[in-house]
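The values are calculated or read from the model by the stated rules, or taken from the named source; none is laboratory data. Treat the numbers as computed from the prediction; the structure is a model and nothing was measured. Methodologically, a virtual Cβ is constructed for each residue, glycine included, from the backbone with ideal geometry; neighbour enumeration extends over all protein chains shown. Quick note on the areas: whole protein, heavy atoms, side chains included, nothing else; ligands and nucleic acids left out. Shrake-Rupley method; radii C 1.70, N 1.55, O 1.52, S 1.80 Å.
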Amino acid sequence: MRKGNLFVISGPSGTGKGTLVKRLMERIPDGWVSVSATTRDPRPGEIDGVHYYFMNDKRFDDLVGAHGFLEWAEVHGARYGTLKRKVLDKVTRGKQVILEIDVKGAFQVRKLVPEAVLIFIEPPSLEELRRRLEGRGTEDAETIERRMKTAEWELSQKGAYDMQLVNDDLEAATDELVAFVNKCADE
Ligand code: 5GP
């Protein structure tokens, strides 16, 4: 069994974080991806307990009050949080735990778990990011503008991460991510 680690993966929506994480999971034997809680509505095809634990404000408030979150943040008008107990338990059990969370959340995690490893996924450019968001077809124009604004701010924070990865070539980015995670886990 390898030493468990906590990896935090951030980057603007539309950078392909989700795809990279999925590919990482296919390539390492001891990976575990945390499922976050959120107050946003499910998108078509999203399943409760698989993509997120979808919940109302009251339930989310209760979890905040019970110190159930390792971190939580408001992103694009909804709240998102990492369920603490499960995540820390998996790290203790030797898993390579992946949190796919926003920049504010990542900095909260670093405060609480200083040994957490922060990875920032960058789009090749802001133009390419806009093209990907528009191509996804799940968000309206106003939402896309808001996500682009957030993206610019998030990109300005990438220097605080332990590793930056540009996702312009999916195969190359996957290889780099797998190698980095294995290096951390084998230390
Ligand atoms: P989406 O609504 O597109 O699934 O996610 C929007 C943003 O929320 C993404 O940047 C994603 O990384 C972030 N996010 C998802 N789960 C969490 C979480 O548990 N905590 C925080 N802080 N951000 C999250």
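Name every residue in the range 15-41 that is under 28 Å from A185 (Cβ atoms), assigned to a loop (DSSP other than H, G, I, E, B), within 13 Å of the ligand (Cβ to nearest atom) and in contact with a helix residue (DSSP H, G or I) (Cβ under 8 Å, 6 or more places away or on another chain), in order of residue number.
T15, G16, S34
Considering only residues of the range 42-63 that are open to solvent by less than 50 Å² (accessible area, probe 1.4 Å) and of a type outside the set (F, W, Y), which is nearest to the ligand (Cβ to nearest atom)?
Top of the filtered list is E46.
Hey, can you tell me all the residues within the range 137-168 that are modelled with pLDDT under 95, in a loop (DSSP other than H, G, I, E, B) and open to solvent by 40 Å² or more (accessible area, probe 1.4 Å)?
G137, T138, D140, D168
Quick one: would you say V91 is touching a residue at least 60 places away in the same chain (Cβ under 8 Å), away from the ligand (no atom under 14 Å from the Cβ), farther than 22 Å from V50 by Cα and in a helix (DSSP H, G or I)?
no
What residue, among those in the range 94-111 that are hydrophobic (A, V, I, L, M, F, W, C) and touching a residue at least 60 places away in the same chain (Cβ under 8 Å), is nearest to G68 (Cα to Cα)?
Per the criteria, the residue is V109.
Yes/no matrix, rows are residues, columns are (1) at pLDDT below 95; (2) over 12 Å from the mean Cα position of the chain (by Cα); (3) of a type outside the set (A, V, I, L, M):
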{"position": "M1", "(1), (2), (3)": "yes, yes, no"}
{"position": "F7", "(1), (2), (3)": "no, no, yes"}
{"position": "G16", "(1), (2), (3)": "yes, no, yes"}
{"position": "L24", "(1), (2), (3)": "no, yes, no"}
{"position": "S34", "(1), (2), (3)": "no, no, yes"}
{"position": "Y53", "(1), (2), (3)": "no, yes, yes"}
{"position": "Y80", "(1), (2), (3)": "no, no, yes"}
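Name the pairs: first residue in the range 112-136 and under 13 Å from E154 (Cα atoms) and surrounded by 14 or more Cβ atoms within 10 Å (Cβ to Cβ), second residue of a type in the set (S, T, Y) and modelled with pLDDT of 95 or more, Cβ to Cβ under 7 Å, at least 6 apart or on different chains?
I119/Y161; F120/S10; F120/Y161
List pairs: first residue in the range 1-25 and farther than 15 Å from I119 by Cβ, second residue within 13 Å of the ligand (Cβ to nearest atom) and open to solvent by 10 Å² or more (accessible area, probe 1.4 Å) anywhere in the structure, Cβ distance under 6 angstrom, at least six positions apart or on different chains.
Cβ pairs passing all conditions: S13/R147; G14/R132.
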